[in-house]
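The values are calculated or read from the model by the stated rules, or taken from the named source; none is laboratory data. On a predicted model such as this, the values are computed, not experimentally measured, just so you know. Cβ sites come from the backbone with ideal geometry, for glycine too, and all protein chains shown count toward neighbours. The accessibility values were calculated without ligands, DNA or RNA, using every heavy atom of the protein model including side chains. Shrake-Rupley method; radii C 1.70, N 1.55, O 1.52, S 1.80 Å.
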Amino acid sequence: MTYKFSKHVPQSDVDAVGDILKVAGDPKVTSFAGGLPAPELFPVEEVKAAANRVLTGNGRAALQYGSSQGVPGLRQVILNRLEIEGIKTDSDHVMVATGSQQSIDLTGKIFIDEGTTVIVEDPTYLTAIDVFRSYGAHFVGVDMDEDGMKMDALEEALKNNPDTRLIYTVPTFQNPTGRTMTLERRKKLVELAGKYDVLVLEDNPYGAIRWSGNNLPSLKSLDKNNHVIYMGTLSKIFSPGLRLGWVVADPKLIKKYTMMKQSADLHTDSLAQYIAAEYFAENDIEDHVTAITALYHKREQIMVDAVDKYFPAGVTHSNPEGGMFLWVMVPGVADSQKLFDAALKRNVAIVPGDPFFGNESIPGTFRMNYSNTPEDKIEDGVKRLAEAIEEVMSK
Ligand code: PMP
């Protein structure tokens, strides 16, 4: 059979990141490659109790088809979380999604045609690139520094690409860099979105996991004219397996999201929504987020201390104040894959930087994750990674 694929399907069968994660799953390998939360903190007993209460008291509704916009109890939980993040809104502005990954996908479906310009941070979340590319996006990457996306570069990009329909950003503890956009730049970004009449897709999966610095307002909370679509998720503060996320936007737009979601999956898993709502009613999520933050901070400190101690001179890294990732830049290395190969020879896995860029990548970059590696494995892994970097730098 000769398959005749649609143009949404990638031409190549190479799944570089999938292959990396496969080798990183080998128990011999110390993996800094994935982006998984620490499973030892999942509140298994509390979720078991919540599931029991749901199935005992509300089992028939929880096992039935539900509303495409989401279960009311969970939407209330989401509104409470949004209020903590400075976004005061009502349930007409919120749709529950199957993880924020679905929110990204629906955004692509709603706004991107073949050739539509999408501005992204360079680098950015690689699966968002995959999604937008599948809808035919033309990417314009905007440079970053430690303070997030550079606003002069963004304005230049907007001037040069007047047909831009979307700016995708992860302003807080970005994946892959761990960097956070400053308040000044946040204000400027919202101002530019207004000036050039462009939508911003604000993706905030990591914002609650902060151990230093001050909380910063979301772009959505600074936006007065519906230029920002906001996305959140329970994946990093509760459980990624439940696949629960949300979109916050103008009700007119929420209607479009809801219609597109209907054609994708009718609605998000009802049982998962009921269980999460029940868990939030009976447990203090802030205590749980505090525990996650403390553990990731500890792991990050061990990783950064080891990186500073063992990595060769000239290698630089980001300094995250929260989240799950560290971004490393190795001078004089043209091919990031060589860093991956040399590391893997020493049973350490990282993700080379290339797939995180919409267009041209910055050579010699890679991402390290600390949330998923036990404390006693980090220093030794970093030491072996340092030897790999030295080998590649010396060639
Ligand atoms: N956005 C970003 C920036 C992410 O890092 C991730 C997960 N790694 C997602 C979205 C998707 O998360 P989920 O679908 O689990 O909510």
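Overview of values
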| read-out | value |
| --- | --- |
| Where a residue in the range 219-239 is closer than 11 Å to VAL190 by Cβ and its partner, wherever it lies, is away from the ligand (no atom under 15 Å from the Cβ) and part of a strand (DSSP E or B), with Cβ under 6 Å and at least six apart | LEU219/VAL228; LYS220/VAL228 |
| Check on VAL190, more than 13 Å from the ligand (Cβ to nearest atom), in contact with a strand residue (DSSP E or B) (Cβ under 8 Å, 6 or more places away or on another chain) and open to solvent by less than 40 Å² (accessible area, probe 1.4 Å) | yes |
| Matching residues, the range 216-266, being more than 16 Å from the ligand (Cβ to nearest atom), open to solvent by less than 50 Å² (accessible area, probe 1.4 Å) and in contact with a Gly (Cβ under 8 Å, 6 or more places away or on another chain) | PRO217, SER221, HIS227 |
| Any chance ARG75 is open to solvent by 90 Å² or more (accessible area, probe 1.4 Å) and more than 30 Å from GLY353 (Cβ to Cβ) | no |
| Out of GLU184, GLU202, sole residue that is within 30 Å of SER318 (Cβ to Cβ), within 11 Å of the ligand (Cβ to nearest atom) and modelled with pLDDT of 95 or more | GLU202 |
| Of all residues making up the range 108-130, the number that are more than 10 Å from the ligand (Cβ to nearest atom) and within 15 Å of the chain's Cα centre (by Cα) | 6 |
| Checking ALA272 against (1) of a type in the set (A, V, I, L, M); (2) in a helix (DSSP H, G or I); (3) buried (at least 24 other Cβ atoms within 10 Å of the Cβ), the condition it does not meet | (3) |
| Filter pass, MET231 being in contact with a helix residue (DSSP H, G or I) (Cβ under 6 Å, 6 or more places away or on another chain), under 28 Å from LEU183 (Cβ atoms) and either at pLDDT 95 or above or part of a helix (DSSP H, G or I) (or both) | yes |
| Criterion violated by ILE129 - all others in (1) closer than 27 Å to ASN283 by Cβ; (2) open to solvent by less than 20 Å² (accessible area, probe 1.4 Å) satisfied | (1) |
| Any chance LYS48 is in a loop (DSSP other than H, G, I, E, B), open to solvent by 50 Å² or more (accessible area, probe 1.4 Å), more than 16 Å from the ligand (Cβ to nearest atom) and closer than 29 Å to THR290 by Cβ | no |
| From the options GLY323, GLY358, residue that is more than 25 Å from ASN214 (Cα to Cα) and crowded, with 22+ Cβ neighbours inside 10 Å | GLY358 |
| Residue satisfying all of: in the range 92-106; open to solvent by less than 10 Å² (accessible area, probe 1.4 Å) and within 11 Å of the ligand (Cβ to nearest atom); farthest from PHE357 (Cα to Cα) among these | ALA97 |
| Matching entry among GLN64, GLN69 (being more than 16 Å from the ligand (Cβ to nearest atom), touching a helix residue (DSSP H, G or I) at 6+ places or on another chain (Cβ under 6 Å) and not hydrophobic (A, V, I, L, M, F, W, C)) | GLN69 |
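Yes/no matrix, rows are residues, columns are (1) surrounded by fewer than 19 Cβ atoms within 10 Å (Cβ to Cβ); (2) over 18 Å from ASN214 (Cα atoms); (3) of a type in the set (Gly, Ala, Ser):
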| position | (1), (2), (3) |
| --- | --- |
| THR293 | yes, no, no |
| HIS297 | yes, no, no |
| VAL307 | no, yes, no |
| PHE311 | no, yes, no |
| ASN319 | yes, no, no |
| MET329 | yes, yes, no |
| ASP335 | yes, yes, no |
